[in-house]
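Q: Mind looking over this structure? Questions follow.
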Amino acid sequence: MSGSVRSEGSRVLAELEAEAITIIREVAAETRAPVLLFSGGKDSAVLLHLALKAFSPGRLPFPVMHVDTGHNFDEVLSYRDEFVARHRLELLVASVEESIRRGRVSDPGPTGSRNRLQSVTLLDAIAEHRFDAAFGGGRRDEDKARAKERMLSFRDTRGRWEPRQQRPEPWNMLNARIRPGEHLRAFPLSNWTELDIWSYIGVEGIPLPNIYFSHRRVVVERSRMLLAVGGPVVLEPHESAFEETVRYRTVGDQSCTGAVRSHAATVDDVIAETAAARITERGATRADDGISDAAMEDRKREGYF
Amino acid sequence: MSATRTTTRQLRIATAGSVDDGKSTLIGRLLHDTKTIFEDQLDAVIKASRRYGDQEVNLALLTDGLRAEREQGITIDVAYRYFATPRRSFVLADTPGHAQYTRNMVTGASVSDVSLVLVDARHGVVEQTRRHLGIAALLGVRHIVLAVNKMDLVTWSQSSYSAVVDEVEAILGDLHADVTLHPVPVSALQGDNVVDRSPNTPWFAGATILDLLESIEIDESAVHVGARLAVQWTIRAGSDYRGYAGRLTGGPIKVGDEVVVLPAGLRSTIRTLTVSGVAADHASPGEAIAIELRDHVDVGRGDVLVVGNATLSPVVGREIDVDVCWMTDDPAVEGRHLVVKHLTRHVGATITSVGFRLDPTTLQPTPTQSLALNDLGRLSLRLDHAIAADTARHNRSTGHLILIDETSNATAAAATIIAIT
Ligand SMILES: Nc1nc2c(ncn2[C@@H]2O[C@H](COP(=O)(O)OP(=O)(O)O)[C@@H](O)[C@H]2O)c(=O)[nH]1
C-alpha cells in the first residue's frame, strides 16, 4: 500500500471509504453466507480492497466469485489469479461456458454478447452455494436504473429486482433480513463516481490489469466502438483491422467492451482524462446498453447484478 | 472537478416537491448548468423526449430512470445524482413528491444536510409541501432551501413570492423545527436564480440556489455529542486479537481512552485502534474503526462502547417514545409486536400506545387508534430487552431506529427517539 486516504487528507474519499466498509461489515454480520463478486475490473478491485480493510488484521470472512463469460481478456484473468493468490482468498468461478454446455442458456454464437447470460450463471451459482448475499461493485453514476437502486437490493427466489418494492434505508440503517430462498445484493460503492474510483486507486496504490492504461492494440471499429480483434471478435469480410493506442475504461466481455483512444499511461493521466470526459463510461464502452432506454432496468429485473 | 481532492465534505441534498412543481426540471437545470451532464446522456434524453411526445427537451427524463416513471411522467423512487463544482462536491437525492411514495422520500431526506423544497408560485403551499416540511422536521434536517418556482408564470410578482415564504415560515414555527430557511424565487425552466442571478428579480437580494448549496456550512459539532461505537462485528486474528469494529460517532478518541460497554456497564481502556484497517493512535467522527480493549470483557455485536466522558453516556432503558413515519400497509396499533433495530442491535418491541397522528393538512397532533401507511405520528414502545440510546435532540447519530415487521421483514417505520426511560 503506497499511501492512504487519511494521510492525503481527502475528506470526500475518506467518507466514501468509511461508508463502504461500514456496509460491508453490516451485511456480513446480518447474513448467513455472503459472497463478493470479483471480475478483475477496477470497481471490483476497489470493492475487494475495501473488504480486506474491513476485516483487517483478520481474514476475509467470505469467498470471492467470478462470473466468467469465457470471453475475458487474458490480462484480466491473470490479474484476478494474482490478486487472489497474494491475499490467499478463496475463489469460486461460475462459468457461462458451463451454463451453455449444460443447456441452461443457449449460445448466442461467436459474435453475440454473453453479458445477459451472466444472470443465469450467477443465479445458478448463488443457489448451488446457498449464498444469501452478494457484494457487487455497482455505482449509481453508471446508469439511470442503477441510480435508483438502494445500497441493499432485494431479490426474490428467481433473483428478480422489483424497483417499486425497495426497502427504505432511513439514516443509512440497513435492514438485511430475508426469508429462506431470497437473497440480496449489496452495493457498497453506490455513492462513488468513476472519478472517485480512480482517485482512490491512486491514493491507495491499488494494482489494476494493465489494459486500463494506454497500449497499442489491433482493433476493429464496429457501431462506433473499437473492439479488440481476437477471441470472440472475428473480422467480417467488409471490415479491416488497424492498430491504435487505446485503453479500457471498463473491462468485461471482450465481444462488447470497447476500447477508447487514449495516451493515459498512469493513474494520474487517467484521473486527468476522466475529469475532462464528456461521455459516460457505459456510453463510451458498452455496446449492449445502447440498445434501449431501459436496458439495465430490464436486465436487473431478470437477476442481473 | 478537483473537488474530490479537497478537504470539504460532500454536501448531501434531498429534493422534495409536489408532483409537477418542477423538481426534475430544477435538477436537470443544476446538472446541465454545472456541466455535469455527459453528451451521451443528453442525447438519450433528447431522443426520449421525442418518444414521450415532449415539445422541448425534457430535463426531467435525466433523473426519472425507471420505465414506469418515464411512462407515467412521475418520480417513484429516489434517484441519486453526483455533481461537483470547483468549490464543493454534491450528492443529490431526487425524491418523489407523490404521497404514495413518502417512504422513498424519507430514505432520501434522512441522510441529507440540506432539503431542497420546491413550491409552485401559482399554487403556494399544498398538502405535500406540509408533509415534506413535517418529514424534514421529524428527520432533523438543518437547512431548507425553498425554491419558489415558476416565477415566470406569476410575472415575477414579489408579493406571490413573499406569500409563499411567509406561509412556510409559519409552518416551521408550528413544528418547532430547528432549521434555517433559505428562500429563493426561481424559474427552473428558464434558469433564473438557479446558477446565475436573474435580471427579473431586482427586488431579491439573496443568493442563487447553487451559491447557497456551495456555501452552506454544516456544523458537525452540533450533531454529535459524546463518542460512541456500536459494535458491528468482532474481528479475530492470531491467538488473542479481538477488534470491535464499527463506525465511530462523536469523538475524536485515542489509544488509552476509557471505555464503558453498554448495556452491561463493563469498563476497560483502548489498547489499540485501527482506522479503515490500518493501525492508528487516534480516530475521528465518521471513521470505520476497530477497537481492541486492554481487558478481556464480554463484548459482541449490538453492544455500544462509550468512549471518554461518561457524563455524556446514553440512557439504558426499555420504555421509549418515538416519532415515526409509518411505511408499511399493516397499520401501527396498540399491542402489535415488531422488531426494533437500533444501531447494530435487534430487539423485540410491543406498541404500548398510539399517541397521536399529525393531521396531513394542518400538521396538528390529532388523537388516533392507529397509524397507516405514510402517516406521521407518535408511538410508545416497550422493548423486550434494554438498549443504550440517546434522544435525537441529544445525539443525532444515535437517536434513531427502525421498526421491522417480523413476518415480512419489511422496514415498517423510521423512528426518531423522543424519550427513553
Ligand atoms: N413555466 C414554467 N414551467 C416549469 C417551470 N419548472 C417546471 N416547469 C414545467 O412544469 C412541468 C412539471 O415539471 P417537472 O420538472 O416534471 O415536475 P416534477 O414532477 O416536480 O419533477 C413540466 O412541464 C415543466 O416543463 C418553470 O420554472 N416555469
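The values are calculated or read from the model by the stated rules, or taken from the named source; none is laboratory data. Only a predicted model underlies this, so the values are computations on that prediction, with no experimental measurement involved. So basically every Cβ, Gly included, is an ideal-geometry build from the backbone, and we count neighbours across all protein chains shown.
Q: Please specify each residue of the stretch B:94-140 satisfying the condition of being farther than 20 Å from B:ASP178 by Cα, part of a strand (DSSP E or B) and modelled with pLDDT of 85 or more.
A: Scanning the stretch B:94-140 gives B:VAL119, B:ASP120.
Q: Among the residues of the stretch B:117-135 satisfying the criterion of being more than 14 Å from every other protein chain (Cβ to nearest Cβ) and farther than 14 Å from B:VAL165 by Cα, which is farthest from the ligand (Cβ to nearest atom)?
A: The selected residue is B:GLY134.
Q: Does B:VAL354 satisfy the criteria of being under 27 Å from A:GLU30 (Cα atoms) and assigned to a strand (DSSP E or B)?
A: The answer is no for B:VAL354.
Q: Follow-up. In the stretch A:262-272, what residues are out of contact with any Phe, Trp or Tyr (no Cβ under 9 Å at 6 or more places or on another chain) and modelled with pLDDT under 90?
A: Across the stretch A:262-272, the qualifying residue is only A:ALA272.
Q: Residues of the stretch B:259-279 being within 13 Å of chain A (Cβ to nearest Cβ), assigned to a strand (DSSP E or B) and either surrounded by 19 or more Cβ atoms within 10 Å (Cβ to Cβ) or in contact with a Gly (Cβ under 6 Å, 6 or more places away or on another chain) (or both), which ones?
A: Going through the stretch B:259-279, the residues within 13 Å of chain A (Cβ to nearest Cβ) turn out to be B:272-279.
Those left that are additionally assigned to a strand (DSSP E or B): B:272-275, B:278-279.
B:LEU273, B:THR274, B:VAL275, listed by residue number.
Q: Determine if the stretch A:193-202 includes at least one residue that is surrounded by fewer than 23 Cβ atoms within 10 Å (Cβ to Cβ), part of a loop (DSSP other than H, G, I, E, B) and at pLDDT below 90.
A: Scanning the stretch A:193-202 turns up no residue that is surrounded by fewer than 23 Cβ atoms within 10 Å (Cβ to Cβ), part of a loop (DSSP other than H, G, I, E, B) and at pLDDT below 90.
Q: For A:ARG59, all conditions in the list (1) under 20 Å from A:TRP192 (Cα atoms); (2) at the interface with chain B (Cβ under 9 Å from one of its Cβ atoms) hold save one; what is the number of the exception?
A: So the condition that A:ARG59 fails would be (1).
Q: What are the residues in the stretch B:174-226 that are at pLDDT 90 or above, more than 16 Å from the ligand (Cβ to nearest atom) and small (Gly, Ala, Ser), if any?
A: Matches in the stretch B:174-226: B:ALA205, B:GLY206, B:ALA207, B:SER215.
Q: A further question on this structure: Hey, among A:SER153, A:SER119, which residue is more than 14 Å from chain B (Cβ to nearest Cβ), surrounded by 19 or more Cβ atoms within 10 Å (Cβ to Cβ) and at pLDDT 75 or above?
A: A:SER119
Q: Among the residues of the stretch B:233-258, write down those that are of a type in the set (Val, Ile, Thr), at pLDDT 95 or above and assigned to a strand (DSSP E or B).
A: B:THR234, B:ILE235
Q: Now for a separate question. Does the stretch B:399-412 include one or more residues that are farther than 25 Å from B:ALA264 by Cβ, touching a residue at least 24 places away in the same chain (Cβ under 8 Å) and part of a strand (DSSP E or B)?
A: yes
Q: When the stretch A:73-95 is examined, which residues are found to be part of a helix (DSSP H, G or I) and either within 17 Å of A:SER44 (Cβ to Cβ) or modelled with pLDDT of 95 or more (or both)?
A: Answer for the stretch A:73-95, where residues must be part of a helix (DSSP H, G or I) and either within 17 Å of A:SER44 (Cβ to Cβ) or modelled with pLDDT of 95 or more (or both): A:GLU75, A:VAL76, A:LEU77, A:SER78, A:TYR79, A:ARG80, A:ASP81, A:GLU82, A:PHE83, A:VAL84, A:ALA85, A:ARG86.
Q: Next question. Restricting attention to the stretch B:385-408, which residues are in contact with a Ser or Thr (Cβ under 8 Å, 6 or more places away or on another chain), more than 9 Å from chain A (Cβ to nearest Cβ) and closer than 16 Å to B:HIS337 by Cβ?
A: B:LEU403, B:ASP405
Q: Please go through the stretch A:231-268 and give me each residue that is exposed (fewer than 15 other Cβ atoms within 10 Å of the Cβ) and assigned to a strand (DSSP E or B), ordered by number.
A: The answer is A:PHE242, A:GLU243, A:THR245, A:ARG261.
Q: Please specify each residue of the stretch A:179-229 satisfying the condition of being among the polar types (S, T, N, Q) and more than 27 Å from A:ALA147 (Cβ to Cβ). Can you show your working first?
A: Just the residues of the stretch A:179-229 that are among the polar types (S, T, N, Q), to begin with: A:190-191, A:193, A:199, A:210, A:214, A:223.
If the condition is that a residue be among the polar types (S, T, N, Q) and more than 27 Å from A:ALA147 (Cβ to Cβ), then A:ASN210, A:SER214 are the ones that fit.
Q: Here are some residues: A:PRO180, A:PRO207, A:PRO168, A:PRO188. Which one is at the interface with another protein chain (Cβ under 7 Å from one of its Cβ atoms) and either of a type outside the set (Phe, Trp, Tyr) or in a loop (DSSP other than H, G, I, E, B) (or both)? First the steps, then the outcome.
A: Working: A:PRO180 fails: at the interface with another protein chain (Cβ under 7 Å from one of its Cβ atoms); A:PRO207 fails: at the interface with another protein chain (Cβ under 7 Å from one of its Cβ atoms); A:PRO188 fails: at the interface with another protein chain (Cβ under 7 Å from one of its Cβ atoms).
Within the list A:PRO180, A:PRO207, A:PRO168, A:PRO188, the selection yields A:PRO168.
Q: Taking the stretch B:151-165, which residues are within 16 Å of the ligand (Cβ to nearest atom), in a helix (DSSP H, G or I) and of a type in the set (Val, Ile, Thr)?
A: Scanning the stretch B:151-165 gives B:VAL154, B:VAL164.
Q: So how many residues does the stretch A:213-230 have that are buried (at least 17 other Cβ atoms within 10 Å of the Cβ) and either on the phi > 0 side of the Ramachandran plot or touching a helix residue (DSSP H, G or I) at 6+ places or on another chain (Cβ under 6 Å) (or both)?
A: Residues that pass the stated criteria total 0.
Q: In addition: Given the criterion of a type in the set (A, V, I, L, M) and more than 30 Å from B:GLY302 (Cβ to Cβ), identify the matching residue among B:ALA230, B:ALA170.
A: That would be B:ALA170, the only listed residue that is of a type in the set (A, V, I, L, M) and more than 30 Å from B:GLY302 (Cβ to Cβ).
Q: Count, please, the residues in the stretch B:2-17 that happen to be part of a loop (DSSP other than H, G, I, E, B), more than 7 Å from the ligand (Cβ to nearest atom) and either at pLDDT below 50 or touching a Gly at 6+ places or on another chain (Cβ under 7 Å) (or both).
A: The total comes to 2.
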